[in-house]
Amino acid sequence: MATLKRVIIHDKAFKLLIPAEEIRSIVHRMGQQLAERYAQEDLVCVVILKGAFMFANDLIRAMQIPCEITFLRAQSYGAQMYSSGKVHIEFFTNHQRLQDRAVLIIEDIVDSGLTLQAIREYLAQHRPKSIETATLLLKPDTFQGPMPEYVGKAISPLFVIGYGMDYNEGGRYLPDIYVLDSSTAGTTVKQG
Ligand code: IMP
């Protein structure tokens with residue numbers, strides 16, 4: 001799919017922020033770093049749905065080390081462009097198998113940090129050997145809480161879509177990442 005400079009999702013315009021080629025090199029670098037860190041560990045990757053599915057798919061292949069893969073869904077955004085502050089963990093498969101194992105949370109984007117904090121607390125109850133986080137994107141201006149150990153790229157606190165991330169379920173399929181065109185900002189956005 002050719003890189004588009006601008007896309008319209010529902011009623012909003014988004015402009016290109018991170019082309020697929022740059023995403024590939026970020027993922028490659030993170031994959032190498034994580035492979036070194038986890039080569040000797042009993043690793044469980046916890047993929048946060050839905051947004052991290054595409055990143056996790058590429059990252060896990062870039063790591064090229066054995067791991068178990070499981071999925072968790074956490075929602076903190078209501079019908080707004082900002083976190084509601086309450087994090088609801090919807091489902092999680094095989095959490096009984098985390099004890100004494102190395103857990104790597106794979107997130108698409110960390111904004112306020114509330115979702116990540118709630119996920120870490122939830123997973124810690126299962127007494128893993130370690131918990132670390134790899135996130136593709138981080139918004140440092142809005143972020144508070146435990147710093148993710150592996151960050152692909154820091155971005156300004158604007159709403160982004162593509163490469164798994166959505167606006168009202170639209171735009172997840174895009175191979176590049178787009179940012180809300182500020183001239184069209186200001187209405188509600190719901191995502192999961
Ligand atoms: P936080 O709790 O504010 O850190 O929000 C984290 C979650 O909100 C992420 O897992 C994403 O699902 C979602 N999110 C935060 N910022 C964006 C964005 O710019 N675009 C799409 N989803 C986002």
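A few notes on this one:
- Answer residue from the stretch 137-177, given it is in a strand (DSSP E or B) and more than 10 Å from the ligand (Cβ to nearest atom) and is surrounded by the most Cβ atoms within 10 Å (Cβ to Cβ) among those: GLY152
- The residues on offer are ILE48, ILE23, and the sole one that is out of contact with any Cys (no Cβ under 9 Å at 6 or more places or on another chain), modelled with pLDDT of 95 or more and within 17 Å of VAL179 (Cα to Cα) is ILE23.
- Filtered residues of the stretch 97-134 (kept if assigned to a helix (DSSP H, G or I), within 11 Å of the ligand (Cβ to nearest atom), surrounded by fewer than 22 Cβ atoms within 10 Å (Cβ to Cβ) and free of Cβ contacts under 8 Å to residues at least 40 places away in the same chain): LEU114, GLN117
- THR187 meets all of the listed conditions (1) within 27 Å of LEU98 (Cβ to Cβ); (2) at pLDDT below 95; (3) polar (S, T, N, Q) but one, namely (1).
A quick yes/no check of all residues on (1) touching a residue at least 60 places away in the same chain (Cβ under 8 Å); (2) within 16 Å of the ligand (Cβ to nearest atom); (3) of a type outside the set (Lys, Arg):
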residue: HIS10; (1), (2), (3): yes, yes, yes
residue: LYS15; (1), (2), (3): yes, yes, no
residue: SER25; (1), (2), (3): no, no, yes
residue: LEU34; (1), (2), (3): yes, no, yes
residue: CYS67; (1), (2), (3): no, no, yes
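The values are calculated or read from the model by the stated rules, or taken from the named source; none is laboratory data. Worth saying up front: this structure is predicted, and the values here are computed from it rather than measured. Quick reminder, even Gly has a Cβ in these numbers, built from the backbone with ideal geometry, and neighbours come from all protein chains shown.
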